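All remarks here apply to the structure that follows.
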Amino acid sequence: QVQVEESGGGLVQAGGSLRLSCAASGRTFSSYGMGWFRQAPGKEREFVAGISWRGSTYADSVKGRFTISRDNAKNTVYLQMNSLKPEDTAVYYCAADLSGHGRNWSPYDYWGRGTQVTVSS
């Protein structure tokens, strides 16, 4: 069983920045693919960014604004969000992919409860 917990959400003005953190348990964290997803009210959950030993990948809507990174020594993955827009408002979820891919199509096995990000115009 892998525990996943997000933190760092909040309220920010358009154009501002936030950094989300995601702590995951497990002795083999470095082998996990990790992903960030988001779900806005009335919309389906969507992939935002993923990371694995192969590298990182992003949704087109966040490319150039968001950066995913990880610190394997701390079992933590981050999502740096810059130039935030009101349409980025959503609950952001972190997930662990034990198969190691960390892609939008990956079978994520464990999910956090989410953290709210609200961007005001």
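FYI, it's all coordinate maths here, none of it is from the lab. Just so you know, these numbers come straight off a predicted model, no measurement behind them.
Report the normalised scattering of the stretch 44-83 as log10 I(q)/I(0) at q = 0.17, 0.29, 0.35 Å⁻¹, calculated by the Debye formula with identical scatterers on the alpha carbons.
-0.46, -1.05, -1.23
In percent, what relative contact order does the chain have, based on Cα pairs under 8 Å that are 6 or more apart in sequence?
Working: 319 pairs, mean separation 43.9, N = 121.
Once normalised by length, the contact order is 36 percent.
Based on C-alpha coordinates, I'd like the Rg and Dmax of the stretch 1-61, in Å.
13.5, 38
Under a straight-distance cross-link criterion of Cα-Cα below 23 Å, which lysines are reachable from residue 85, leaving out those fewer than 8 residues away in the same chain?
Those lysines meeting the cut-off are 43, 63.
Given N residues in the stretch 1-103, what is its alpha carbon radius of gyration divided by 2.2 N^0.38 Å? List each step's numbers first, then the result.
Numbers: Rg = 13.1 Å, N = 103, 2.2 N^0.38 = 12.8 Å.
Computed over Cα atoms of the stretch 1-103, the ratio equals 1.02.
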